[in-house]
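Participant: Supplied in structure tokens, the structure appears directly below.
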Amino acid sequence: SRSLFSSFMPDGTPVGRPYLVGEADPALAQRTARLYETWPGKNRFFCQGLCVTGGNETVSPPCFGPETICAWVCILIPSLLYFVVGAPVFVDKVSVVVPLIVLGIFALTILSLLLTCCTDPGIIPRRSVILSAGTAEQLSAALGYNVLGTGDDSTENSARVPQDLRQMGFKWCATCKIVRPPRASHCSDCDCCVLRFDHHCPFVNNCVGQRNYRFFVMFTTSVCLLAGTVLPSLAFVLLHYQRAALRDEETTESDESSGWSWHWILLAALGCVVALAALLVCVLWSYHVFLMFTGQTTKEHWTAVRRNSGSIPKVRDLHRFPSATGTRGPRLFQPRQYVVVDGSLV
């Protein structure tokens with residue numbers, strides 16, 4: 001019987017080269033597909049595999065879950081109000097430079113949010129993917145250890161990890177059937193292991209890990225800056241228009257008082273809600289600054305808190321496993337590579 005990938009394809013093509021549909025054996029070619037089309041985890045790919053997001057299977061498009069929509073609304077509505085209502089006032093009363101600065105911060109916020117939502121966070125492919133793609137040696141070279149472990153399916157999980165690696169904090173993932181390094185963890189929302197796993201963020205519908213943590217910090221930083229410029233500016237514009245309305249009322253000597261009309265009250269209420277959300281983001285940003293200075297991840301910190309310990313888990317050679325200041329590292333799988341589908345990949 002044919003394995004998921006033989007040593008060579010029917011036309012003599014080595015395993016390392018993607019087997020293209022239509023080459024050689026037509027029957028075999030009919031059972032090939034891009035890796036992202038048969039991905040065994042809960043991650044969702046789009047743009048033909050170029051982008052990947054989290055495991056929310058109930059929404060479409062894939063990067064817009066309920067929490068993510070909430071994040072987009074809290075960013076877009078105040079920003080659009082600023083550019084439509086506030087920017088003309090600042091151009092007229094202050095300088096055109098102020099709206100341009102806000103525009104730059106807004107663009108940075110949107111870019112960093114998209115990068116956090118749609119970037120591979122550092123997924124370690126599960127065993128079936130590694131075997132189907134024939135990338136065991138490349139992964140071992142990239143990670144510095146044998147990701148497939150030792151023994152076979154009859155071996156106990158604890159024995160699949162060599163003794164020297166166990167002492168360093170390496171663990172066996174029974175779901176992905178691979179050896180994962182320290183600071184990596186299996187995300188139940190995405191059903192995959194992630195390098196230097198920090199947390200799964202529903203507001204970006206993606207894991208935050210080694211390869212997108214910088215984007216996440218950039219996103220929270222830009223949101224704080226955007227809130228610090230847009231919300232006070234809208235408050236200034238709101239008071240400006242209200243004073244103008246009162247002056248017009250005094251000029252016309254009308255007996256009717258405009259006061260705070262319903263639409264101004266609605267805008268003020270909306271501003272309070274967005275301000276509260278911005279305050280929470282600022283608290284989150286401050287927390288991650290603390291984590292970066294102490295060299296921890298969110299998971300490590302709260303694990304230590306639950307264990308009544310103020311330090312991160314004791315792991316030998318911890319400097320080998322990057323934190324937020326480390327390199328992103330290469331992507332550990334190629335979503336557009338062709339694999340032969342025979343049911344074992346799932």
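Participant: Hey, can you grab everything whose amide H is under 5 Å from the amide H of HIS200? Only 5+ residues off in sequence or another chain; H modelled, so Pro and N-termini drop out.
Facilitator: The answer is VAL208.
Participant: Suppose all protein chains stay in the model; what accessible area per residue would a 1.4 Å probe give for the range 69-147, in Å²?
Facilitator: Value returned for the range 69-147: 43 Å² of accessible area per residue.
Participant: Net charge around HIS301, counting only other residues with Cβ within less than 14 Å of its Cβ (Lys, Arg = +1; Asp, Glu = -1)?
Facilitator: Computed value for this residue: +3.
Participant: Let me make sure I get this right: for the range 91-133, a, b and c are the square roots of the gyration tensor eigenvalues over alpha carbons, sorted descending. Under 1.5 in a/c it's rounded, otherwise prolate if a/b > b/c, else oblate. Which is it?
Facilitator: prolate
The values are calculated or read from the model by the stated rules, or taken from the named source; none is laboratory data. The shown structure was predicted, so the numbers you read here are calculated from the model rather than taken from an experiment. In this analysis, Cβ positions are derived from the backbone assuming ideal geometry, glycine residues included, and neighbour counts consider all displayed protein chains. Areas reflect the complete protein model, heavy atoms only, side chains present, ligands, DNA and RNA absent. Shrake-Rupley method; radii C 1.70, N 1.55, O 1.52, S 1.80 Å.
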